[in-house]
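Comments concern the structure below.
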Amino acid sequence: MTFLSFLISGISLGSIYAIIALGYTMVYGIAKMLNFAHGDVIMVGAYICFFATSRYEMPPIVGILLAVVVCTILGIVIEKLAYKPLRAAPILAVLITAIGVSYFLQNAALLLWSSNPKVFKPIVPTGSRITLFDGQLSISVITLVTIASCIVIMIALTTFTSKSKMGKAMRACSEDKGAAQLMGINVNATISLTFAIGSGLAAIAGVLLCSAYPTLVPTTGAMPGIKAFTAAVFGGIGSIPGALVGGILLGVIEIFAKAYITTQLSDAICFAVLIVVLLVKPAGLLGKQIREKV
Amino acid sequence: MAEILKVDNINVYYGAIHAIKGISFHVDEGEVVTLIGANGAGKSTTLNTISGLLRSKTGSVEFMGKSLNRTPAHKIVSQGLALVPEGRRVFLQMTVQENLEMGAFTQKNSGVAADLEMVYQQFPRLKERYKQTAGTLSGGEQQMLAMGRALMSHPKLLMLDEPSMGLAPILVEQIFEIIQNLHNAGTTILLVEQNAQAALSVADRGYVLETGKVVTTGSGTELLSSPEIKKAYLGG
Ligand SMILES: Nc1ncnc2c1ncn2[C@@H]1O[C@H](COP(=O)(O)OP(=O)(O)OP(=O)(O)O)[C@@H](O)[C@H]1O
Ligand SMILES: [Mg+2]
């Protein structure tokens, strides 16, 4: 039973990575850039929810909605101010800018909210658990909420990109921006929309993350951000199902490494697995290398 | 006949490279006009400038009496101007039907089903393959898809950039037949071709481009029989 409970924890942690990885992968797919500030948007989302629920004693759902709204706007603003002027710039300039935005957000949080850790109030009461098999297996409710959120988000996003007009336009832009413009698609608006969706999801990930690990500091988003980026690459950057597979696998590997090997080396083990996967499949597990016909 | 497109003294640069050096020409409603010229003459650059993907430093592009100089590329197609770009540029990871739907991006949703039927009737091959991703189509099928996709926007002026490129002779013939049919149905066409013989045979008028300038112009038949054109572009 301990194996099963570790597996469930792994899937839950992996669900958070997957939701964050979606933001990386969607933005990469369309803007062909790695938005390293994405992890810090998670942190901002968590702070917004913290202030709403702990300071102003709003109900959790209001806290989550506020976090989503603020992060969505933040994502759009970051893209407009920092990345849009660099559309034609070399990839390295964009990368450095993204790292700069990341530090900017962390330092802004430090100034606004100080480095004192905040104790995040989980969105479901702490200690609420479900017991199964005559008390042999006990799962916390937040674990289940996290996994369920991930499933709902995945289904919604997959439906959006495969069925809706805007979702298809997004895929068209990620393949060929020039051709997309010839179809009448507003590429700038589509990129904005992608940042908006990714950042909104980051807010949800932030709330779920801090509900499971309730210590909130300005660097809270950094490590999960990097791990989720790893998960996105692991699954195949640019691919939505890849983000799910990569995220879940990374979460499970991390929890198993912590449980059965050693806590100190769990991150090293995650990254070692990534390296092995990339050696065997350079495009990631579900990434495809497409060849163009001439 | 009414002038539908008027290109007046455009100059286009790629950084320091002066690719288009003061080109002017016009297309009348219902005409097929062709631009011919060797590799690098500036044919694609001209079409890309008209569709807003590139900008001219000087002069103007007017479509149905309205200047397009400041119109962003994504707002041009809804005015009735569609480009089938060089190299087709279909969305390889999307299905045939999704590609066609993208062509109808600016259209009302209610008319899309009927337009799909219209395109499928024109290109039965695409109908058979509507669920396949465009990347799995042959070169000729991709060209048909690119043309069908452009037709989904109901263009008043259809611009085609080397539609016969890389196709087997039988397919080239088929493509030109389609162009002829579109022309007969009243679509105005601006055609860029390396295959000068075929292009001039369907065209009402033609312009010959050399290193970013118009060097000769005339009716299709005039250009076909001109000794210089024969020598330079028709292989004899
Ligand atoms: N992206 C670019 N960057 C720099 N120079 C370019 C670019 N695209 C085209 N050129 C240059 O502009 C000139 C015109 O090119 P263009 O593609 O318009 O020619 P074309 O007539 O369409 O040729 P082809 O028949 O080979 O397609 C060429 O000298 C070409 O080298
Ligand atoms: Mg060309």
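The values are calculated or read from the model by the stated rules, or taken from the named source; none is laboratory data. Note that the structure is a prediction, hence the values are computed from the model and not measured. Ideal geometry is used to build each Cβ from the backbone, glycine not excepted, and the neighbour counts take in all protein chains shown. Remember, those area values only see protein heavy atoms, side chains included, never the ligands or the DNA or RNA. Shrake-Rupley method; radii C 1.70, N 1.55, O 1.52, S 1.80 Å.
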Q: Consider only pairs whose beta carbons are under 6 Å apart and that are at least six residues apart or on different chains; among these, list those whose first residue lies in the stretch B:35-56 and is within 14 Å of chain A (Cβ to nearest Cβ) and whose second residue is more than 8 Å from ligand 2 (Cβ to nearest atom) and assigned to a helix (DSSP H, G or I).
A: B:GLY52/B:ALA73; B:LEU53/A:GLY178; B:LEU53/B:ALA73; B:LEU54/B:ASN48
Q: Please identify the pairs in which a residue from the stretch A:218-229 that is in contact (Cβ under 8 Å) with a residue 40 or more places away in the chain has its Cβ atom under 7 Å from the Cβ atom of a residue that is among the polar types (S, T, N, Q), counting only partners at least 6 apart or on another chain.
A: A:PRO218/A:GLN106; A:PRO218/A:SER115; A:THR219/A:GLN106
(Q) Just to check your reading of the model, which residue among B:LYS6, B:LYS43 is touching a His at 6+ places or on another chain (Cβ under 7 Å), modelled with pLDDT of 95 or more and not β-branched (Val, Ile, Thr)? (A) B:LYS6
Q: Being in contact with a Leu (Cβ under 7 Å, 6 or more places away or on another chain), without any contact (Cβ under 8 Å) to a residue 60 or more places away in the chain and away from ligand 1 (no atom under 16 Å from the Cβ) narrows it down to one of B:LEU157, B:LEU182, so name that one.
A: B:LEU182
**Q.** Within the stretch B:36-48, tally of residues that are open to solvent by less than 10 Å² (accessible area, probe 1.4 Å) and more than 10 Å from ligand 2 (Cβ to nearest atom)
**A.** 1
Q) Is it the case that B:VAL96 is in contact (Cβ under 8 Å) with a residue 60 or more places away in the chain, buried (at least 19 other Cβ atoms within 10 Å of the Cβ), more than 8 Å from chain A (Cβ to nearest Cβ) and closer than 30 Å to B:THR136 by Cβ? A) no
Q. Do we have any residue at all in the stretch A:262-274 that's within 30 Å of B:VAL90 (Cβ to Cβ), under 18 Å from the mean Cα position of the chain (by Cα) and open to solvent by 40 Å² or more (accessible area, probe 1.4 Å)?
A. no
Q: Of the numbered conditions (1) more than 16 Å from ligand 2 (Cβ to nearest atom); (2) within 24 Å of A:ASP176 (Cβ to Cβ); (3) at pLDDT below 95; (4) within 14 Å of chain A (Cβ to nearest Cβ), B:GLY111 fails exactly one; give the number of that condition.
A: (2)
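Every residue, every condition in (1) in contact (Cβ under 8 Å) with a residue 24 or more places away in the chain; (2) touching a helix residue (DSSP H, G or I) at 6+ places or on another chain (Cβ under 8 Å); (3) within 19 Å of A:LEU193 (Cβ to Cβ); (4) open to solvent by 40 Å² or more (accessible area, probe 1.4 Å), yes or no:
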site: A:LEU22; (1), (2), (3), (4): yes, yes, yes, no
site: A:ASN35; (1), (2), (3), (4): yes, yes, yes, no
site: A:HIS38; (1), (2), (3), (4): yes, yes, yes, no
site: A:VAL41; (1), (2), (3), (4): yes, yes, yes, no
site: A:CYS49; (1), (2), (3), (4): yes, yes, no, no
site: A:LEU66; (1), (2), (3), (4): no, yes, no, yes
(Q) Looking for something within 13 Å of B:MET147 (Cα to Cα) and among the small types (Gly, Ala, Ser) - is there at least one such residue anywhere in the stretch B:62-84? (A) yes
Q.
Condition first: open to solvent by 50 Å² or more (accessible area, probe 1.4 Å), away from ligand 1 (no atom under 16 Å from the Cβ), assigned to a helix (DSSP H, G or I) and within 13 Å of another protein chain (Cβ to nearest Cβ). Can you find one or more residues in the stretch B:62-76 that meet it?
A. yes
(Q) Can you say whether B:ILE10 is buried (at least 22 other Cβ atoms within 10 Å of the Cβ) and within 23 Å of B:PHE176 (Cα to Cα), as far as the supplied structure shows? (A) no
Q: State whether the residues of the stretch A:184-191 include one that is under 30 Å from B:HIS154 (Cα atoms) and touching a Phe, Trp or Tyr at 6+ places or on another chain (Cβ under 7 Å).
A: yes
Q. If we only count strands (runs of 3 or more DSSP E) wholly inside the stretch B:138-231, which ones have 1 or more residues that are surrounded by fewer than 20 Cβ atoms within 10 Å (Cβ to Cβ) and away from every other protein chain (no Cβ under 14 Å)?
A. B:205-210, B:213-219
